[in-house]
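A short worksheet on the structure shown next.
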Amino acid sequence: NADRLRLLPRLCVSSEGAVDSIQLVTRVPLGNVTSVAVTPESATSVVLTKVLIPQAEIVPMERVDEADAKLLIGDAALRSAFEDPTPHHDLGRLWLERTGLPMVFAVWAAPEPVVDGLLDLQDALVASVRLARSEPEVLAFEASERYGYPAGFLARYFEKLRYSFGPRERAGLYTFLEMA
């Protein structure tokens with residue numbers, strides 16, 4: 001949809017290295033992975049898996065028992081870090097090691113022409129990020145109560161997420177698009 005959408009210039013979801021919520025859990029050494037069971041929840045993460053492990057066959061999560069690895073995202077990845085001793089490989093970290101750039105997992109985009117209020121929405125989202133960053137303990141404590149993870153773990157997780165769509169993030173996004 002890139003031909004009909006416009007990126008909001010100030011926002012993305014990225015990480016400069018490990019992100020924790022996008023994990024490849026492997027039963028064999030990473031270099032020996034020949035198949036990965038993937039979740040349908042994140043097209044970006046599936047494509048990133050293909051870029052980072054091009055020799056691996058991508059299979060649906062229903063075939064996880066046959067695969068050398070499985071891709072977990074979001075809460076499933078965070079929970080797995082606590083519960084599963086199987087080796088985990090953070091895709092944000094693997095991307096940084098390969099490219100030297102941040103990984104952009106999501107952008108905000110809107111159809112052209114821009115509708116009234118879109119820039120106000122962007123400003124409100126930027127203000128929300130600033131507020132959350134100004135009170136990291138409050139955010140971590142409230143999220144801990146809601147989701148059940150330790151507040152310290154969530155504070156470290158939230159610190160890894162980046163929302164500014166600056167020059168390095170743009171370079172990371174364009175590199176990802178070229179490799180994809």
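The values are calculated or read from the model by the stated rules, or taken from the named source; none is laboratory data. What you are looking at is a predicted structure, and each value in this text was computed from that prediction instead of being measured. Note that we place each Cβ from the backbone using ideal geometry, even for glycine, and neighbour counts take in every protein chain shown. All accessible areas refer to the heavy atoms of the entire protein, side chains included, with ligands and DNA or RNA removed. Shrake-Rupley method; radii C 1.70, N 1.55, O 1.52, S 1.80 Å.
Considering only DSSP beta bridges where both residues belong to the chain, give the percentage that are antiparallel (nearest 5).
Values: 17 of 23 bridges.
The antiparallel proportion sits near 75 percent.
Computed about its Cα centre, the charge dipole of the range 1-114 is approximately 360 debye, with only Lys, Arg, Asp and Glu carrying charge at their Cβ.
Accessible area of Thr86 (1.4 Å probe, protein heavy atoms only, ligands and nucleic acids ignored): about 40 Å². Ratio of Rg to Rh for the range 2-101: 0.99 [Cα atoms; Kirkwood radius as inverse mean 1/r over pairs].
Relative to the longest principal axis of the Cα atoms of the chain, the long axis of helix 136-147 lies at roughly 50 degrees.
What Kirkwood hydrodynamic radius do you get for the chain when you take the inverse of the mean 1/r over all pairs of distinct Cα atoms, in Å? So the Kirkwood estimate lands at 17.6 Å. Could you list the residues of the range 1-16 with an amide nitrogen less than 13 Å from a label point located 7 Å from the Cα of Leu177 in the Cα-to-C-beta direction? Under cut-off, by backbone N: 1-9.
For the chain, what does the relative contact order come out to in percent, with C-alpha contacts under 8 Å and a separation of six or more? This gives 36 percent for the chain.
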